[in-house]
Amino acid sequence: MGRSRNLFQLSRRSAISLVVLLGIMVGGGVAAVLLLQELAEETQGTGMQIGEEFISIDDGVRGDTITWLVVRNWPAKSSPSERINDPRFDIMTLPRTVRMPDGARRRVRATPHVYFFDGSDLTMFPVKMSADDITQLHGHLRGMTDYRQLLPVLKRYELVD
């Protein structure tokens with residue numbers, strides 16, 4: 001009888017070990033899928049001067065779909081280090097985040113969105129854009145004399161319920 005009780009305890013330990021091992025494997029698999037999704041997204045960006053401001057347009061693309069678009073501005077005389085260290089958008093980490101008006105950070109990939117910063121003011125809205133739309137957007141930039149002229153162009157792609 002003592003021997004049978006000992007076997008039951010071993011079997012129970014093995015079952016617990018198996019559950020723990022399966023939990024680790026599932027958790028690792030989910031983490032790997034999330035990381036691969038982040039890495040499958042191509043990031044591109046451009047910077048230029050419009051009027052008295054330097055602007056940066058960064059976007060994420062998966063296939064032909066724009067997953068996010070972040071537009072920021074600085075005074076034309078801002079330094080490259082000021083622009084690189086801008087806390088409004090963190091392009092260097094995964095997941096990429098933007099700073100919300102309340103100071104919280106939000107992932108840019110939650111749903112396809114435009115995040116349009118004018119200084120610390122943020123205008124954001126859901127969009128449906130393709131890579132071709134980004135090419136057309138760059139064509140519109142050539143004739144602009146003020147950064148704020150870009151917002152109505154972006155609003156053409158806004159998804160309205």
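Quick note: the coordinates plus some simple rules give every number you see, no bench work behind them. Please read all numbers here as calculations on a predicted model, not as lab measurements. In this analysis, Cβ positions are derived from the backbone assuming ideal geometry, glycine residues included, and neighbour counts consider all displayed protein chains.
Summary table
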| item | result |
| --- | --- |
| Mean-position separation - Cα centroids, the stretch 71-104 and the stretch 39-69, in angstrom | 13 |
| Shape call, the stretch 91-161: gyration tensor on alpha carbons, a/c limit 1.5 | prolate |
| Cα-derived Rg over Rh, computed across the stretch 42-155 with Rh taken as Kirkwood radius | 0.93 |
| Estimated FRET transfer efficiency when R0 is 45 angstrom, pair D146-L94 (beta carbons, to 0.05) | 0.85 |
| Relative contact order for the stretch 42-155, counting Cα pairs under 8 Å that sit 6 or more residues apart, in percent | 24 |
| Which of W68, W74 has the fewest Cβ neighbours within 10 Å, and the rest in rising order | W74, W68 |
| Phi to ³J(HN,Hα) by Karplus 6.51 cos²θ - 1.76 cosθ + 1.60 over the stretch 58-63, Hz, x for Gly, Pro | 10, 8, x, 10, 10, x |
| Label-to-label distance, nm, for residues given as E82 and T65 (7 Å Cα→Cβ offset) | 3.8 |
